[in-house]
Amino acid sequence: MRVEKQILTKEYIVRLNGSPFFIVVGYQGLKVEQLTTLRKSLNKTGAEVHVVKNSIFRIAAKEAGVADLNGSLTGQIAVVTGQKDVSAAAKALKTFAADNDKLKIKFGYLNNNRMEQADIMTLADLPSIEVLRSKILGVINAPATKLVVLLNTPGSQLARVIKAKSEQAEKAA
């Protein structure tokens with residue numbers, strides 16, 4: 001293998017090992033400005049897209065310990081990797097693919113588990129991590145709020161009874 005290809009292969013090995021997920025897309029027919037738009041939308045989610053030769057990616061995936069890709073690398077491919085939320089990257093890809101029918105989501109891997117296109121679309125439909133966190137906090141806080149109200153109710157009722165009795169005593173006097 002030529003030195004240039006070895007360097008590219010090592011770069012992709014590092015990229016695959018440094019990312020908990022990757023998504024392979026076909027980009028044949030996309031124009032440069034469309035690919036730039038995709039890059040910008042993925043950057044907002046903390047992900048990147050890189051065009052790569054099939055042979056180099058196949059070697060890098062094997063070296064990175066990804067299961068055999070079983071000939072699923074065909075045509076012109078680009079690989080999406082990232083450090084953050086896989087569902088946000090999948091959502092950006094789904095939105096872009098809806099507007100540009102030339103982008104084809106092929107498959108991906110999340111923590112060394114293969115995801116098919118349908119799995120990636122399901123991830124894209126999930127709420128963002130921030131929304132999920134806020135829902136969890138709401139669920140956690142609800143019982144505590146109810147407990148505080150429950151504990152304060154007898155005290156506030158007693159205070160109202162005492163106040164009513166004192167007002168009644170003042171009127172009688």
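Just to be sure before I move on: is Arg58 farther than 15 Å from Tyr27 by Cβ, touching a residue at least 24 places away in the same chain (Cβ under 8 Å) and over 13 Å from the mean Cα position of the chain (by Cα) in the structure I sent? For Arg58, the condition - farther than 15 Å from Tyr27 by Cβ, touching a residue at least 24 places away in the same chain (Cβ under 8 Å) and over 13 Å from the mean Cα position of the chain (by Cα) - is not met. When restricted to residues that are under 26 Å from Ser128 (Cα atoms) and either in contact with a Leu (Cβ under 9 Å, 6 or more places away or on another chain) or not hydroxyl-bearing (Ser, Thr, Tyr) (or both), the stretch 35-90 contains 26.
Consider the stretch 89-121 and keep the residues that are in a helix (DSSP H, G or I) and exposed (fewer than 13 other Cβ atoms within 10 Å of the Cβ). The one that is farthest from the chain's Cα centre (by Cα) is Asp99. The requirement of being without any contact (Cβ under 8 Å) to a residue 40 or more places away in the chain, surrounded by 12 or more Cβ atoms within 10 Å (Cβ to Cβ), in the same structural domain as Gln117 (by TED's automatic domain parsing) and over 19 Å from Asp125 (Cα atoms) is fulfilled somewhere in the stretch 63-76, by at least one residue.
Which residues, counting only those in the stretch 36-55, are in contact with a strand residue (DSSP E or B) (Cβ under 8 Å, 6 or more places away or on another chain), free of Cβ contacts under 8 Å to residues at least 40 places away in the same chain, in a helix (DSSP H, G or I) and not polar (S, T, N, Q)?
To start, the set of residues in the stretch 36-55 that are in contact with a strand residue (DSSP E or B) (Cβ under 8 Å, 6 or more places away or on another chain) comprises 38-39, 42, 45-52, 54.
Restricting the remaining residues to those that are free of Cβ contacts under 8 Å to residues at least 40 places away in the same chain gives 39, 48-51, 54.
Within this subset, residues satisfying the condition of being in a helix (DSSP H, G or I) are 39, 54.
Answer for the stretch 36-55, where residues must be in contact with a strand residue (DSSP E or B) (Cβ under 8 Å, 6 or more places away or on another chain), free of Cβ contacts under 8 Å to residues at least 40 places away in the same chain, in a helix (DSSP H, G or I) and not polar (S, T, N, Q): just Arg39.
Looking only at residues in the stretch 12-35 that are of a type in the set (Gly, Ala, Ser) and within 21 Å of Leu103 (Cα to Cα), the one that is surrounded by the fewest Cβ atoms within 10 Å (Cβ to Cβ) is Gly29.
The values are calculated or read from the model by the stated rules, or taken from the named source; none is laboratory data. Keep in mind that this is a model prediction, so the values were computed, not measured. Cβ sites come from the backbone with ideal geometry, for glycine too, and all protein chains shown count toward neighbours.
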